Amino acid sequence: MTNNFQLDLNNIPKHVAVIMDGNGRWAEKHGKNRLEGHAQGAKAARLAVETAHKLGIKYITLYAFSMENWQRPESEVNGLMSLLTSSIAHQFKDLIENNVRLLTIGDNSYLPENVRKEISNVVNASSSNTGLTVIIALSYSGRHEILSGVKKLLTKFQDQKFDINSLSEEDFSNCLYTAGIPDPELLIRTSGEYRISNFLLWQISYSELYFTNKFWPDFSEEDFRYAIYDYQHRQRRFGKTSNQIDECK
Ligand code: IPE
Ligand code: IPE
Ligand code: MG
């Protein structure tokens with residue numbers, strides 16, 4: 001990464017999604033236990049939210065815990081849950097003062113009662129905020145989300161609330177957890193893994209993908225800015241030719 005780059009402030013993505021991966025390997029590298037890695041990861045998440053706020057990004061979605069992550073050892077799952085509640089509680093005041101709105105996506109029914117309560121407190125208290133929207137993907141699975149959208153549609157269909165032939169992509173998007181939120185223009189994954197891990201499968205159909213070898217706890221403000229700089233040098237063609245895109249400029 002060069003240290004000398006200039007961001008185009010007129011081309012900041014509206015929505016950035018992040019797969020925050022590598023906490024465990026960061027811990028291992030530093031001779032610490034995995035939970036210490038997650039604690040550092042929580043700090044990096046806070047920094048990413050602050051950077052998003054500074055840059056005027058409107059939505060940031062952070063993949064904090066997948067449906068598949070329930071299969072991890074119980075001690076790690078419990079540690080992650082308490083880290084999550086304490087860091088949300090800690091940031092409550094800051095989020096409100098900075099006009100940040102908090103949302104979660106995922107299957108809440110799997111979450112322990114205290115985690116659900118803590119989150120819904122902040123979600124409710126921040127619901128009318130109009131600045132940055134922070135979306136935490138928690139107990140989240142992209143396939144579950146799509147399936148639950150299909151179930152919602154089938155129920156509406158049974159109740160004869162719509163005609164199947166008129167069903168549009170927009171109607172379907174509105175049945176997902178992310179209803180009303182624009183698709184991410186940029187998806188970042190840390191830790192050198194090149195996979196999506198069941199994240200936002202529908203929503204990232206045309207997102208620009210950015211991968212870095214850095215472990216999540218090491219992902220700095222500079223790294224975030226660089227990912228956006230990289231995004232700004234992509235040509236988003238959406239199926240068209242380069243010439244067609246250039247002609248529209
Ligand atoms: C990401 O870090 C955080 C969660 C999945 C909760 P990991 O815990 O997956 O870290 P690695 O991949 O083992 O290094
Ligand atoms: C993806 O990371 C989920 C989160 C970052 C919360 P994982 O570490 O769970 O992904 P896989 O299992 O390596 O694909
Ligand atoms: Mg991982």
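The values are calculated or read from the model by the stated rules, or taken from the named source; none is laboratory data. For clarity, every value in this text was computed on a predicted model and none was experimentally measured. A quick note on method: Cβ atoms are made from the backbone with ideal geometry, for glycine too, and the neighbour counts reach across all protein chains shown. The area values use the complete protein model at the heavy-atom level, side chains included, leaving out ligands, DNA and RNA. Shrake-Rupley method; radii C 1.70, N 1.55, O 1.52, S 1.80 Å.
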Does any residue of segment 102-109 turn out to be part of a loop (DSSP other than H, G, I, E, B), of a type in the set (Gly, Ala, Ser) and open to solvent by less than 10 Å² (accessible area, probe 1.4 Å)? no
How about segment 210-249: which of its residues are loosely packed, with under 15 Cβ neighbours inside 10 Å and touching a residue at least 12 places away in the same chain (Cβ under 8 Å)? 213, 220, 221, 222, 234, 236, 238
Residue tally, condition under 15 Å from the mean Cα position of the chain (by Cα) and either at pLDDT below 95 or of a type in the set (A, V, I, L, M, F, W, C) (or both), over segment 177-218: 14
When the residues of segment 179-199 are filtered to those that are touching a Ser or Thr at 6+ places or on another chain (Cβ under 8 Å) and closer than 12 Å to residue 59 by Cβ, which remaining residue is surrounded by the most Cβ atoms within 10 Å (Cβ to Cβ)? 184
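Over 23 Å from residue 145 (Cα atoms), within 16 Å of ligand 3 (Cβ to nearest atom), acidic (Asp, Glu) and open to solvent by 60 Å² or more (accessible area, probe 1.4 Å): does that describe residue 28?
Values: over 23 Å from residue 145 (Cα atoms): yes; within 16 Å of ligand 3 (Cβ to nearest atom): yes; acidic (Asp, Glu): yes; open to solvent by 60 Å² or more (accessible area, probe 1.4 Å): yes.
In short, yes.
Just to be sure I understand, how many residues within segment 50-73 are away from ligand 2 (no atom under 16 Å from the Cβ) and either open to solvent by 30 Å² or more (accessible area, probe 1.4 Å) or part of a helix (DSSP H, G or I) (or both)? Quick ask: steps written out before the conclusion?
So the first thing to find is which residues in segment 50-73 are away from ligand 2 (no atom under 16 Å from the Cβ), and the list is 50-59.
Keeping just the survivors that are either open to solvent by 30 Å² or more (accessible area, probe 1.4 Å) or part of a helix (DSSP H, G or I) (or both) gives 50-56, 58-59.
Residues flagged as away from ligand 2 (no atom under 16 Å from the Cβ) and either open to solvent by 30 Å² or more (accessible area, probe 1.4 Å) or part of a helix (DSSP H, G or I) (or both) within segment 50-73 amount to 9.
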When you look at residue 21, is it in contact with a helix residue (DSSP H, G or I) (Cβ under 7 Å, 6 or more places away or on another chain), near ligand 1 (Cβ under 9 Å from one of its atoms) and outside any helix (DSSP H, G or I), yes or no? yes
